[in-house]
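Since the structure comes first, as structure tokens, the remarks are kept for the end.
Values quoted throughout were computed directly from the atomic coordinates according to the rules given, and no laboratory measurement underlies them. Quick caveat: nothing in here was measured; it's all calculated off a predicted structure. Backbone-built Cβ (ideal geometry, glycine too); neighbour counts: all protein chains shown.
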Amino acid sequence: MEWEWEWEWEWERTVGVVGPRTPESDADADAGADAGELLAVHSSYPFAHFPVPGAEVRVSGLTWVGVHPAHRRRGILRSIIERHFTDCVERGEPVSALFAAESAIYGRFGYGLAASDLKVTVPRGARLRPVTGTEDLTVRIEILDARRHTDLVADAHRRAGTFSGGLNRPGWATRETVALRERHVSDPAALREGRGARRIAIVERDGEACAYATFQRTVEWADGGPRKTVHTREVIALDPAAAHRLWSVLLDLDLTSEVAASTLPTDDVITHLLVNPLSARPRRSDNVWVRLIDVPAALSGRRYVADLDVVLDVTDDLLPRNAGSWRIRAESLGEVEVERTTASPDLRMSVRDLGAAYLGGVTLAGLATAGLVTEHTHGAHPRGTAQHLGGIRLAARAGVQLGVLSQTPAEGGSSSQEPPSPSGGDGDFACSAGPRSGGTRE
Ligand SMILES: CC(C)(COP(=O)(O)OP(=O)(O)OC[C@H]1O[C@@H](n2cnc3c(N)ncnc32)[C@H](O)[C@@H]1OP(=O)(O)O)[C@@H](O)C(=O)NCCC(=O)NCCS
């Protein structure tokens with residue numbers, strides 16, 4: 001299917017793989033004299049301020065990966081990944097991240113699953129626990145319009161990634177470029193898949209937006225009347241009352257029977273608000289995959305909950321300069337030093353599993369139970385306060401818990417909590433379908 005893309009693109013970061021000329025490519029009116037057949041393409045989004053625990057790093061969001069079906073399984077993806085890593089190094093982006101169309105693809109290239117997200121299907125009229133302060137809020141519902149809503153959506157989304165006291169939400173990627181901002185308010189007819197035009201519900205307090213949801217509806221006629229499903233793309237709220245008001249509206253739209261919401265954080269407010277949480281049939285899905293391109297830069301680019309002095313032995317077949325032993329010394333939520341060392345390692349792991357733990361939601365302790373992280377300094381750690389499991393607390397917890405942790409003993413509490421799920425919206429760096437057909441994971 002051919003269609004015009006209706007949003008900006010990071011063209012200067014987009015790379016095509018072109019094969020020999022063919023009659024088909026020669027017939028392409030757009031092709032230059034030297035053009036051959038387009039075999040593959042990839043691109044990336046720049047995130048100069050990607051939130052990681054306690055800090056921000058530069059991240060390259062790999063996207064739009066596609067190989068022409070006639071040329072697949074010949075190593076083109078592998079060459080794309082190698083080119084992408086080279087570009088990351090040249091651009092000074094120590095981390096790459098992506099959403100995977102198929103989750104079995106990217107582990108072999110050193111991407112680790114750093115966060116999951118949640119899908120729910122909430123029946124219309126599902127009861128919510130009460131929240132105070134909803135009375136003063138007003139709601140308007142409009143057709144989503146890029147000219148009117150781009151700034152509102154970008155601003156509210158950015159603010160939703162920051163907690164009181166300035167704590168960040170690791171993985172909550174701020175939409176820094178026009179292309180990223182416009183993606184989330186675009187509504188290409190070709191991608192509607194039989195659904196209606198996209199709408200936006202905006203909750204306001206004193207005329208200022210404090211929550212929004214973008215959504216579409218599908219209609220199915222059944223015995224007893226219409227059964228419309230409300231498909232949300234984003235449900236973002238800045239405070240509990242705003243979240244309650246927004247969900248109340250979504251769950252009470254006329255002619256509908258349920259709200260299907262995806263890419264929610266695993267600790268999303270709806271999981272706490274519902275009187276009957278399981279009525280939403282929660283399902284987990286993979287969300288952000290993280291690849292450390294430059295291990296010392298990435299590890300020194302984030303903060304750690306506890307004081308830390310630990311040696312990691314990292315394996316990395318694709319980027320050998322990451323491989324070997326790295327000593328990390330960090331003050332709790334403070335300065336970090338990472339340097340090469342010949343000291344014997346406390347922990348051994350692949351760069352994939354280090355990437356999985358990088359945002360703080362997947363614990364090294366959890367990976368160790370699966371044999372993916374090996375502990376060499378068992379039990380009490382000789383060089384720091386991260387004694388529990390010999391520094392496995394390295395990854396600590398995600399930003400939302402940092403405030404809590406700073407008031408509680410480092411050894412206390414659960415270390416297996418999920419991080420707040422990244423991005424809160426689909427497609428920030430989704431890997432997409434093939435170059436000719438386009439389309440992103442919804
Ligand atoms: C997925 C896709 C990009 C793979 O490209 P490709 O050029 O065929 O991949 P390569 O030949 O370089 O394969 C590299 C490795 O990935 C593996 N691989 C490729 N596609 C895979 C898939 N869908 N699932 C699991 N593994 C896959 C290959 O087996 C190979 O493994 P190996 O190195 O262990 O031998 C291509 O088939 C495609 O464009 N598919 C449709 C769009 C899509 O799914 N894009 C991904 C968006 S996240």
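When the Karplus curve 6.51 cos²θ - 1.76 cosθ + 1.60 is applied with θ = phi - 60°, which whole-Hz ³J(HN,Hα) does each residue of the range 171-185 get, with x for Gly and Pro?
x, 7, 6, 5, 7, 8, 10, 4, 4, 5, 5, 6, 4, 8, 10
Non-local amide H neighbours of Asp267 (under 5 Å, H modeled in plane, Pro and chain starts lacking H): which ones?
Ser421
Among Ala190, Ala146, Gly207, whose Cα sits farthest toward the positive end of the charge dipole of the range 128-215 (+1 at Cβ of Lys/Arg, -1 at Cβ of Asp/Glu, about the Cα centre)?
Towards the positive end, the residue furthest out is Ala190.
How would the range 157-253 be classified by its alpha-carbon gyration tensor: rounded, prolate or oblate, with rounded meaning a/c under 1.5 and the a/b versus b/c comparison settling the rest? Intermediate values should be presented prior to the final figure.
Numbers: a/c = 2.63, a/b = 1.50, b/c = 1.75.
Here the range 157-253 falls in the oblate category.
Go through the range 134-199 and name the GluC sites (Glu not before Pro) that are in a DSSP coil and have 14 or fewer other Cβ atoms within 10 Å of their Cβ.
Values: sites: Glu135, Glu142, Glu176, Glu182, Glu193; in loops: Glu135, Glu176, Glu193.
Passing sites in the range 134-199 are Glu135, Glu193.
What GluC sites (Glu not before Pro) in the range 298-372 are in a loop by DSSP, with at most 14 other Cβ atoms within 10 Å of the Cβ?
Taking the range 298-372 and a limit of 14 other Cβ atoms within 10 Å, the loop GluC sites (Glu not before Pro) found are Glu331, Glu335.
Could you work out the local net charge near Val89, counting Lys and Arg as +1, Asp and Glu as -1, over the other residues with Cβ closer than 15 Å to its Cβ?
0
Can you give the net charge of the other residues whose Cβ lies under 10 Å from the Cβ of Arg124, counting K and R as +1 and D and E as -1?
The answer is -1.
Can you tally the net charge around Lys228? Count Lys and Arg as +1, Asp and Glu as -1, for every other residue whose Cβ sits under 14 Å from the Cβ of Lys228. Intermediate results must be reported in sequence, preceding the final value.
On the way: positive: Arg124, Arg195, Arg199, Arg217, Arg227; negative: Glu220, Asp252, Asp254, Glu258.
Combined, the nearby Lys, Arg, Asp and Glu give +1.
Quote the convex hull volume per residue of the range 35-143, based on C-alpha atoms, as a whole number of Å³.
On the way: hull volume 27.5 nm³, N = 109.
Dividing the Cα hull volume of the range 35-143 by its residues yields 252 Å³.
Output ³J(HN,Hα) for the range 220-229: one whole-Hz value per residue in order, computed from phi by the Karplus curve 6.51 cos²θ - 1.76 cosθ + 1.60 with θ = phi - 60°, and x for Gly and Pro.
9, 8, 10, 4, x, x, x, 10, 9, 9
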